[in-house]
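Trainee: Take this structure, written in structure tokens, and hold onto it; I'll ask about it next.
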Amino acid sequence: MASKLNLKVTSFTDRKRKLKSQLIIGVLLFLALLACFPFLFISAYVISKGIGSLDWAFFTQLPKGPGETGGGMANAILGSGTMVLMCCLLGIPWGMAAGIYLSEYGEGKTARILRFATDLLTSVPSIVVGIFIYGLIVIYFGFSAHAGATALAVIMLPIVARSTEEILKLIPNHIREAGLALGIPRWKVILRILVPGCVGALVTGVMLAIARVAGETAPLLFTALGNQFFADSLSQPTASLPVQIYNFAKSGFPDLERQAWAGALILVLFVFVINFGTRAFIYYKKS
Amino acid sequence: MDGEVLKVEKLNAYFNDFHAVKDVDLSVNYHEVVALIGPSGCGKSTFIRCLNRLHEEVPGARCTGNVWLDGQNIYGKGVDPVVVRRNVGMVFQKPNPFPGLSIFDNVAVGLRLAGVTKKSVLSEAVEEALRKSALWTEVKDKLKKPGTGLSGGQQQRLCIARALAVKPPVILMDEPTSALDPISTAKIEELIVELKNDVTVVIVTHNMQQASRISGRTAFFLLGELIEYGKTSKIFTKPQNLKTEQYITGRFG
């Protein structure tokens, strides 16, 4: 076709601009890959160090004394499992209730203060949470799984609350109005219409909070303390994976250090499984 | 049935300091379709949201005046807005099926949360509502599929079915077809005309042909005031007010 307007759609400066753009994209890609590096490095290192000491006994036996070979971390795995479960029973309903309040009823000054306090609680160092529970519970009742789980729940609470709030806020307001317009009371609109509509996202938030608390060491040092054996009850000092890893790693005995690596591997695998499981769950919900 | 199902007296609605609806008096008869027309921002939507007490759910919103629904003042003492809304259904501008709920559950949810648990009662009500909203044949084989997976026009008919399922005597519609294509619009208009046998419809519309096609009476709003209200045929052929005439002939708005 003949050119009537004599338009130019390419130029030298254009090519220069494209080159610059590609260069910047390249730098960004490099930095993004670099950001993944610590993750890959940690995973590879933990797996290579830990896989050798991982056997059936690791899951079923108590730790052996220093100098003896064999044994396992059954007490720590059970202790961590128990405390994370108890923490969930306390932290998930509590955190979700707070998140629902902030999202659905949170207007005005009270809500602003609460939201700010929740954010502050998220950034409180976990060791301070441990000391707080020590002063609140351990001084009176001693070291126990109860105290450990409570400390974990305090850490979990703001994470669950804020994620619940943010997720509910993503639901457009006309959905709430549609519920109200059907003559459904507000609380039922929230629990029976809004929450089921975003359950996948809510579960994701909760799972990430569980992954976060499962690896906490500092708050458990002051609350559950640790235990070389199985705890007889929930009111006794209780072993946990992070604390046991910490103790074994600094013990100076090669056998215990190897066990610590295996424990670290289990912890990393647990977090993997949770993240992977969450994604699988979302995928399943969508299809 | 003769008489007024809705009687609005001196209704004033506000958003904080903004006076959105000014001293409106208007009544609607049983089994009537009333259209509200007027330029954007003239208070039509706010006005109908006062008829099911949804206006007050917006932070900073309030209203004064009386609205008599079947002889009872919905702004009277001791009135529960939840019960009012059960009797005055609403369809919104944007189709808004509940996310995560199936087609069936979207229609059943109103009854279910009102305490109906019997499966047979629910399925009958859902089928009836979907038939009335002319959606049944299109969705009867995929009731378990999510409501958000339907097309825009189907979603809006689903929302109408959802509103019909709880059998409210009055249904408010806030520009229900403005987001839809002409074919879906035609279906919904047909539907509204048929609904007249069972319910009373108050509909906000920007489409004046639509108002003239479906409504018995039309109200013209301007800047929060009710300028003229009367038989639709008369409003569109011999409006009494100069502003109404200017608006419907497209000279402003």
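The values are calculated or read from the model by the stated rules, or taken from the named source; none is laboratory data. Quantities reported herein were computed from a predicted structural model and do not represent experimental measurements. Cβ sites come from the backbone with ideal geometry, for glycine too, and all protein chains shown count toward neighbours. Surface accessibility is based on the protein's heavy atoms, side chains included, excluding ligands, DNA and RNA. Shrake-Rupley method; radii C 1.70, N 1.55, O 1.52, S 1.80 Å.
Trainee: Could you work out which residue, out of B:ASP25, B:ASP174, B:ASP17, moves most in a Gaussian network model of chain B, that is, has the largest mean-square fluctuation with Cα springs under 10 Å?
Mentor: Looking only at B:ASP25, B:ASP174, B:ASP17, the largest GNM fluctuation is found for B:ASP17.
Trainee: Now, a different point. Within chain A, which complete DSSP H helices have Cα atoms spanning at least 27 Å along the helix axis and a mean Kyte-Doolittle hydropathy of -1.0 or higher? Each step should come with its number before you reach the end.
Mentor: On the way: long enough: A:12-50 (57 Å, 1.03); A:74-100 (38 Å, 1.53); A:145-169 (35 Å, 0.93); A:254-286 (48 Å, 0.68).
Membrane-span-like by this rule: A:12-50, A:74-100, A:145-169, A:254-286.
Trainee: Inside 10 Å of the C-beta atoms of B:163-172, what's the mean count of C-beta atoms belonging to other chains? Intermediate values should be presented prior to the final figure.
Mentor: Values: counts 3, 0, 1, 3, 0, 3, 0, 0, 1, 1.
Counting other chains' Cβ atoms within 10 Å and averaging over B:163-172 gives 1.
Trainee: Still on this structure, I have one more. Could you tell me what percent of the accessible area of the protein assembly as shown is made up of carbon and sulfur, with a 1.4 Å probe and every protein chain present?
Mentor: 62
Trainee: Can I ask one more? Please report the net charge: other residues with Cβ closer than 14 Å to the Cβ of B:LYS238, K and R +1, D and E -1.
Mentor: 0
Trainee: Same structure again: Taking only Cα atoms, what is the 0 to 90° angle, nearest 10, from helix B:152-165's long axis to the longest principal axis of chain B?
Mentor: 90
Trainee: Among the residues of region A:179-214, which ones have their accessible area go down by 50 Å² or more when all the protein chains sit together, as opposed to their chain alone (1.4 Å probe)?
Mentor: SASA drop of 50 Å² or more in region A:179-214: A:LEU180, A:ALA181, A:LEU182, A:GLY183, A:ARG192, A:ILE193.
Trainee: Helix-only estimate, please: 222 nm mean residue ellipticity of chain B, summing -39500 (n - 2.57) across DSSP H runs of length 4 or more and dividing by its residues, to the nearest 500.
Mentor: Numbers: 10 runs with 92 residues, N = 253.
For chain B, the value works out to -10500 deg cm²/dmol.
Trainee: With every protein chain in place, what's the accessible area of A:TYR134 (1.4 Å probe, Å², nearest 10)?
Mentor: Answer for A:TYR134: close to 90 Å² accessible.
Trainee: Could you please state, rounded to a whole Å, how far the C-alpha centre of region B:80-153 is from the C-alpha centre of region A:235-270?
Mentor: 55
Trainee: Compute the angle between helix B:103-113 and the longest alpha-carbon principal axis of chain B, please, reported from 0 to 90 degrees and rounded to the nearest 10.
Mentor: Tilt relative to chain B: about 80 degrees.
Trainee: Leaving ligands, DNA and RNA out of it, rank B:SER212, A:SER123 by accessible area with a 1.4 Å probe, largest first.
Mentor: So, going from the largest accessible area down, we get A:SER123, B:SER212.
Trainee: Compute for chains A and B the buried accessible surface, both sides summed, probe 1.4 Å, and express it in Å² to the nearest 100.
Mentor: Interface between A and B: roughly 1900 Å².
Trainee: Once Lys and Arg get +1 and Asp and Glu get -1 on their Cβ, which of B:GLN156, B:HIS31, B:ILE103 lies farthest toward the positive end of the dipole of region B:4-248?
Mentor: Working it through, the farthest residue towards the positive pole turns out to be B:ILE103.
Trainee: For A:LEU208, tell me the accessible area in Å² from a 1.4 Å probe, rounded to the nearest 10.
Mentor: 90
Trainee: Follow-up question, since we're still on this one. With every protein chain kept in place and ligands, DNA and RNA left out, what is the accessible area per residue of the protein assembly as shown? Probe 1.4 Å, answer in Å².
Mentor: For the protein assembly as shown, the per-residue accessible area is 51 Å².
Trainee: Moving on. Between A:ILE127, A:ILE42, A:ILE51, find the one with the highest GNM mean-square fluctuation for chain A; connect C-alpha pairs within less than 10 Å.
Mentor: Looking only at A:ILE127, A:ILE42, A:ILE51, the biggest GNM fluctuation is shown by A:ILE42.
Trainee: Taking the Cα centre of the protein assembly as shown as the origin, how large is its charge dipole in debye, to the nearest 20, when only Lys and Arg (+1) and Asp and Glu (-1) carry charge on their Cβ atoms?
Mentor: Roughly 1440 debye for the protein assembly as shown.
Trainee: Take A:ILE245, A:ILE47 and sort them by solvent-accessible surface of the protein heavy atoms, 1.4 Å probe, largest at the top.
Mentor: A:ILE47, A:ILE245
Trainee: Rounded to the nearest 500, what is chain A's calculated 222 nm mean residue ellipticity when only DSSP H runs of at least 4 contribute -39500 (n - 2.57) each, over all residues?
Mentor: Result for chain A: -22500 deg cm²/dmol, rounded to the nearest 500.
Trainee: Name the residue from B:PHE15, B:ILE171, B:PHE236 whose Cα lies farthest towards the positive end of the charge dipole of region B:4-248, charges +1 on Cβ of Lys and Arg and -1 on Cβ of Asp and Glu.
Mentor: Selected residue: B:ILE171.
Trainee: Here's a follow-up. Cross-link list B:LYS94/B:LYS234; B:LYS144/B:LYS187; A:LYS109/B:LYS22: which exceed 26 angstrom alpha carbon to alpha carbon? The partial results should precede the final answer.
Mentor: Working: B:LYS94/B:LYS234 30 Å; B:LYS144/B:LYS187 24 Å; A:LYS109/B:LYS22 32 Å.
In this structure, B:LYS94/B:LYS234; A:LYS109/B:LYS22 lie more than 26 Å apart at Cα.
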